[in-house]
There are 2 protein chains.
Amino acid sequence: MSATSRYIRLLAGEYGEKLDLVEEKPWERRREFLAMNPAATLPVLIEDDGPPIVGGVIVGEYIDETRGVFSRDKRLMPEKPIERAEVRRLTEWFVEKFDQEVTRYLVRERIFKLEMSKEDGGGSPDASAIRAARTNSRHHLRYVGWLAENRNWLAGSRMSQADLAAAAALSVLDYLGEIPWENEPAAKEWYSRIKSRPSFRPLLSEKVRGVPPVRHYADLDF
Amino acid sequence: MSATSRYIRLLAGEYGEKLDLVEEKPWERRREFLAMNPAATLPVLIEDDGPPIVGGVIVGEYIDETRGVFSRDKRLMPEKPIERAEVRRLTEWFVEKFDQEVTRYLVRERIFKLEMSKEDGGGSPDASAIRAARTNSRHHLRYVGWLAENRNWLAGSRMSQADLAAAAALSVLDYLGEIPWENEPAAKEWYSRIKSRPSFRPLLSEKVRGVPPVRHYADLDF
């Protein structure tokens, strides 16, 4: 349920790269984890016992620079600096802003709190946090709809990292039944295109214990 | 007093690029500004009437890709992906994390509130926000000290964008007299190296009306 880890899994999947996944609960603040990433954020990528590469945006750039550059017309980052800036703006939007205003609260209140100890902040969900996140979510969904109406893919005419970052974030909310797709047909059409990609399949088959996904979650034709 | 705008000014300065500065008060949420950047964050760069490039990290990447790449051994971004990841980690640390935990509060409470209308959130400073920011600031300064003790420059053996991002953030706090340099001699030695660079000079000569800098702010030998 980490939207940013999902983004990296999609990106690696698009380049045919298999990752070994290790679950980490950042709120436990494990010593070994803090030594890898003092910011205590996810995801962290380790390649061939090299130093840890931390943070969704940065791991994304690393995968582009080590995998994307060799993928020719399948590269998910454009060549021109001004187009790269737009891909980065939207990637950052979904990895940082959307997370800070929406996903973080909904996932924390509806999922992580069930697993957290009382000392770590576990307990019953905070209704006002959920309400605020849902209000913010409507504006973001409207923005995705607007982008999908005006462009073929979110950052321009070709699929890019930004589409994966956005779809990763929306997939977490969709699991929780938090997306009224009927209000945003263009966003829905775009999401169903991304959702049909092979890289998406592993995400759709995973379930959180005790929190089943909404019925349409794994349907490619929803 | 925008640490991130300062970072971009330093970066452009290092590449000998002159910027035309336009002051923007994001809390006023000007229509034209929101149209350029719906996230309402600073800085925004516009080049040759092209589309706006928004956000400190992203503008930094853009300047690297359009100026840095032509600067050979003066480029402030390394070539190797793994080293680039470390420069990016620290740049993001100072542009995002340090801002969210420290600078934002101190600047808002001690400077912006004097200029803001009551509706926009102006008024007297919130002592508890200032206290929390100062506590966070100690941990960050300790981290800069640790990096400066263990490396020649913050992200490695050569000066990089990360040094500029960190120095930009610290310069704002230093203006306000919020940095106890005597506690962190290695950080102080590193900062005095950066502060002596010609790109830093314009920042040191600017003053906020009604809020004079601490006495040592513009001294190269402080």
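What follows draws every value from the coordinates through simple rules; no lab data is involved. Small disclaimer: the values here were computed from a predicted structure and weren't measured. Neighbour counts are summed over all protein chains in view; Cβ atoms, including those assigned to glycine, are modelled from backbone coordinates with ideal geometry.
A compact table of results
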item: For region B:72-149: relative contact order, % (alpha-carbon pairs under 8 angstrom, 6 or more apart); result: 25 percent
item: Per-copy distances of the A:Glu182 label point, shortest first, in nm (7 angstrom along Cα→Cβ); result: 6.9
item: Cross-link pairs beyond the 28 Å C-alpha cut-off, checked among A:Lys80/B:Lys188; B:Lys113/B:Lys207; A:Lys80/B:Lys74; result: A:Lys80/B:Lys188
item: Contact order relative to length of region A:3-74, as percent, for alpha carbon pairs under 8 angstrom and 6 or more apart; result: 32 percent
item: Mean residue ellipticity (222 nm) of chain A, computed from DSSP H runs ≥ 4 via -39,500 (n - 2.57), nearest 500; result: -13500 deg cm²/dmol
item: Chain B: most fluctuating residue of B:Arg138, B:Arg29, B:Arg75 per GNM, C-alpha cutoff 10 Å; result: B:Arg29
item: Translational diffusion of the protein assembly as shown, µm² s⁻¹ [Kirkwood Rh, Cα pairs; Stokes-Einstein; 20 °C; 1.002 mPa s]; result: 93 µm²/s
item: Principal axis dimensions, region B:3-74 - Cα atoms, whole angstrom, descending; result: 41, 23, 19
item: Mean separation of Cα contacts under 8 Å, 6 or more apart, over the residue count of region A:81-205: relative contact order %; result: 28 percent
item: Exam field: B:Leu34 pseudo-label spacings to other copies (7 Å along Cα-Cβ), nanometres; result: 4.1
item: Within 10 Å of each Cβ in B:50-61, the average number of Cβ atoms from other chains; result: 4
item: In order through region A:212-222: 3J(HN,Hα) via Karplus (6.51 cos²θ - 1.76 cosθ + 1.60), integer Hz, x for Gly, Pro; result: x, x, 4, 4, 7, 3, 8, 6, 6, 10, 9
item: Nm distances between copies for A:Glu149, ranked from closest, using label points 7 Å along Cα→Cβ; result: 5.7
item: Chain B: DSSP helices with Cα axial extent of at least 20 Å and average Kyte-Doolittle hydropathy no lower than 0.5; result: B:161-175
